[in-house]
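See below for the structure under consideration.
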Amino acid sequence: MENTVTSLLPVLACLASLLAVPLIVLFRKEPFLREMSTFAAGILKFTFVLMMLPIILDGKTIVHTFTDGIGGINVPIMFRVDGLGMLFALVASSLWILTSLYAIGYMRGLKEHSQTRFFAFFALSLSATLGVAFAGNLLTLYLFYEMLSLSTWPLVTHHQDKEARTGGRTYLSYLLGTSIAFAIPAIIFTFVKADGDLSFAGEAILAGQDLGYWPALFLLLGFAFGFSKAGMMPFHSWLPGAMVAPTPVSALLHAVAVVKVGVFCVIRVITGVFGVEFFKDLSVNLVLCWIAAFTVLVSSLIALSQDNLKRRLAFSTIGQLSYIVLGVALATQHAVAGSMMHIAMHAFGKITLFFCAGAIFVAYGKKYISQLDGLGRKMPFTFGAFAIGAMSVTGLPPTGGLLSKIYLVWGAAEAHQIALLCVYLISSILNGAYFFPIVYRAFFKPAPEAEIATPGVKEAPLACVLPLSITAVGSVLLFFFPGLLLELTNLMTGAK
Amino acid sequence: MIDQLPAIMVLAPMFGALMIGLFGQKDHRVCFPIVFTSLIISLGAAIGCANLVTKDGTIDYFMAGWEEPLGIGIQLRIDHLNALVIVLIGVATTLVSFFSIRRVGALDTEKTPHFYILYLLLCTGLYGITITADAFNLFVLVEITSLTSYGLIAMGSSRRGTHAAINYVLMGTIGASFYLLGVGYLYLKTGTLNMHDIQAILQANEEVRNSNAVIIAFLFILMGIWIKMAFFPLHGWLPNAYSYCPSSTACLLAPLMTKISVYVMIRVMISIFGLEWIFIHLGWSHLVVILAVIAIVAGSVLALAQREIKKMLCYLIVAEVGYMVGGAWLSDSNMWGLSGAMYHVLSDALMTLCLFFVAGIWSKCIDAKEIDDLEGVFKKMPITSACFILGALAMIGVPPTSGFFSKFYLIRGGIEGGHWEYVAALLFSSLVNAVLFFRIFEIAFFGKNPPEGHGHDEEHHDDHEDLHPVLEHEVSWRVTIPLIVTAVLIVLLGLFNGPVVEFIREAFPPTSEIVSARP
């Protein structure tokens, strides 16, 4: 029997940002108060998450069930916090505070329109993210998953121009389309198979069920493609499309919250619905492994050829997400641990990179890599942070990315999948190949002549530079102090 | 007093109609209070009945105390199957009456009392259809609703409305005649018109049960009901009738008429012929489910081709009727399909009501009849638009709205009954709905021709002015309150789907009877 504590804390953590929405709308004419309410909500949320941390580290899970809620199919709305949910919630809620600061600098720096709408939907999407992190059963997971798709749409289409419209259309058609076409049938099929049980608590839902190879494979692919926020090919193109959004959105949502919700769901499905052991016994995992491996390599190759900085980062994200999926699909202890850690490591690295891309755009209006020559000498902090972020995503010491990558490679070796191990290694080289030329260009190439005339340092506003410096430092700190992450992942994999 | 609730429920609107006939002609101002009072009385009676059903089970009521089984006794019966349907009728008719105050004023003022007389008689008909336990009375009551709705549809100012009404009269009459023929066959074979007596005789007498006459009777009745509910390809009358009539008429008819017909089909299946006979003896289940699949796909595709908002919604109704017919015929062993269909009757009625309210408001207030007219409407009418979004999400099937749960039950039924084509059709239709509604959202959010270039142009940056015009275009509370109530009900019905479905399932015969002989 699991050691459970009943508490309202996960619900409160989820609600904190939801309650900020009316405040934000109320203060629409007072930008200062409006943004303060965003901050207050962020700090409140983070506090609630932190308050749960000791209980989780104690090896317990926190549960809150709305029994009277959705009862007809006997699946209540249920919140349940375990190691994995905690890890994800910690990452998302801490980075939200930084992103809020960054967003203020970015949105004001560019004098964006409709900032109230922007902050309101941002808060809403964070509620949905924590809802996914703390979902106690598949139905609750799906509820918040859809809420996230819908609440981020106004953010993606923020500019309300033709490009935004196309991007938004792609965004929704992929996310909503796949979830309706694949995820719902998979959920209901699970429901029928498991005789009405969708809860993640205790044994995995389907563990030990009489499930043939083909049904299991279709179910798995239904989930993996249905939760297309994970960006597995061929359902990945919504992510580059979503890059039309303002950069804070790309940074938090499309490097951390939304995409990680996708992989989080896949991890949940494999650990909670199939159960790692059962999953391996079904031997369907190799199919998923190879789809993920294909995505890793192809997206890295595409990233090489992108000149738009944000698009390159987007393709890099697609590859990194599939690292995580590949890890959990390998279904060995260290690979699964590596996947979970990579959620955090990649989040810190990638958000730094996006923050940098946004800072460059705010300060100099540059979007393309070919325009970055010599810019590093003008924006030393930004590009310094960029270099650290790039190292972390590539997996070089002394950054956190190295640790998760070691675990992933270790896991591949454990599973005796040498080919997949090589995929990890080759893609690391490719990661380096698409990131370091940017750093080189910025620091060592001469600036175009027109710009030499104005030497000296001119950074983006402090509100932009501060968050990106913090996340860069965070990536390094995660290398030296990974203890908390390891403890949380061990809780899930059962290692001592 | 409490014993008389079923009769009060049916008769209150009828007396209201008489009162308007007497007093409303001279002074139009008395019309609305009479309408409202009688509808509230009916709603109260409906809730009271539903409450009694929860406590004591089925209520049998014999009009004027005539109880002989083979006589002319008019029996009303309220059980778990229709208790919620009458509450739904009460809620919907009351909300629409609120909504109609302004709209009716816009009609020719001469017609106000006529409109309300027809309105109330229609309500009488709807209540009667739902609770009658007599096959012939059902016909009479169906005719009452049909005749009144012909009048209501033709009342609009446009000629197309009149055309549509004539088309509806023709189709409706054919449908009613089919139904009557079917009842005639049954009467010949069994000698009674009371539903439960017919069922008892059919069950007792195997020779009668298996005779061709009974099968033909069932077929006629089914065809008649299908025409009334606009089951594809018998839907031709519906789109024009509902889109060219006055808004308040559309709001009243679109959510209720087709859904009540679906209820009648389920009632006939359960209470006259019996599920066992239908699913096992006839074995048409596969055929009907395939017809339903065709209806769903065709309705969705046709909806996609529409530029007019109301027409689009009408074709969606055609698709939703396919959902319910298919669900009712899934013949899965636990009857989740049937439960889903009954639940969807309630849920779809609320969704349709919500969307037709909004369509009515839009066509009146900003003269938006086509999707392209909706540019920037989110900003102009935030409350109306929020309700529209909610209704649309329910149509698509996003939790926690009721639409998600009806799909959940229906798909569960489809999987357990092995009807994968039905599951696929439901998902396809959800996808089409997503496309349809997000097309509207996009236009409403962006405007049709978004400005070139980036949003952070100089002219845009003033955040305060952006939000200033909010609420100025919003319509009066008399129109928004019913809308908001409907939207809230959609969510509540979703959240409390459990108790609702459990309640409905009490009406079904024990599963073992049907499971045992399933092919």
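The values are calculated or read from the model by the stated rules, or taken from the named source; none is laboratory data. As the structure is a computational prediction, the values presented were derived from the model and not from experiment. When we count neighbours, we look across all protein chains shown, and the Cβ atoms used for this are built from the backbone with ideal geometry, even at glycine.
A few remarks follow.
- Test: residue in region B:395-402 that is in a helix (DSSP H, G or I), at pLDDT 85 or above and closer than 15 Å to residue B:340 by Cβ: yes
- Set A:411, A:395: member being free of Cβ contacts under 8 Å to residues at least 40 places away in the same chain, farther than 29 Å from residue A:108 by Cβ and either outside the structural domain of residue A:299 (by TED's automatic domain parsing) or buried (at least 22 other Cβ atoms within 10 Å of the Cβ) (or both): A:395
- Residues of region A:363-386 that turn out to be assigned to a helix (DSSP H, G or I), aliphatic (A, V, I, L, M) and surrounded by fewer than 24 Cβ atoms within 10 Å (Cβ to Cβ), as a count: 3
- The one condition from (1) more than 14 Å from every other protein chain (Cβ to nearest Cβ); (2) charged (D, E, K, R); (3) assigned to a helix (DSSP H, G or I) that residue B:367 does not meet is (3).
- Residue-level check: of (1) within 14 Å of another protein chain (Cβ to nearest Cβ); (2) free of Cβ contacts under 8 Å to residues at least 60 places away in the same chain; (3) surrounded by 24 or more Cβ atoms within 10 Å (Cβ to Cβ), residue A:215 misses just (3).
- Residue check for residue B:91: of a type in the set (A, V, I, L, M) and surrounded by fewer than 20 Cβ atoms within 10 Å (Cβ to Cβ): no
Residue by residue, here is whether (1) within 20 Å of residue A:244 (Cβ to Cβ); (2) within 18 Å of the chain's Cα centre (by Cα) holds:
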position: A:306; (1), (2): yes, no
position: A:313; (1), (2): yes, yes
position: A:331; (1), (2): no, no
position: A:336; (1), (2): no, yes
position: A:356; (1), (2): yes, yes
position: A:364; (1), (2): yes, no
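- Among the candidates A:90, A:124, residue that is away from chain B (no Cβ under 14 Å) and surrounded by fewer than 23 Cβ atoms within 10 Å (Cβ to Cβ): A:90
- Count - residues of region A:221-242 that are surrounded by 24 or more Cβ atoms within 10 Å (Cβ to Cβ) and either of a type outside the set (Gly, Ala, Ser) or outside any helix (DSSP H, G or I) (or both): 9
- Single residue of region A:142-163 satisfying the filter (among the aliphatic types (A, V, I, L, M) and surrounded by 23 or more Cβ atoms within 10 Å (Cβ to Cβ)) that is modelled with the highest pLDDT: A:148
- If you check A:33, A:12, A:26, A:95 for being surrounded by fewer than 17 Cβ atoms within 10 Å (Cβ to Cβ), more than 13 Å from every other protein chain (Cβ to nearest Cβ) and modelled with pLDDT of 80 or more, only one passes: A:33.
- Screening residue B:425 against (1) modelled with pLDDT of 85 or more; (2) more than 9 Å from chain A (Cβ to nearest Cβ); (3) closer than 25 Å to residue A:157 by Cβ leaves a single unmet condition, (3).
- Matching option when the condition is at pLDDT below 85 and of a type in the set (A, V, I, L, M), among B:169, B:208, B:214, B:183: B:208
- With respect to being more than 10 Å from chain A (Cβ to nearest Cβ) and of a type in the set (Ser, Thr, Tyr), residue B:385 fits the description.
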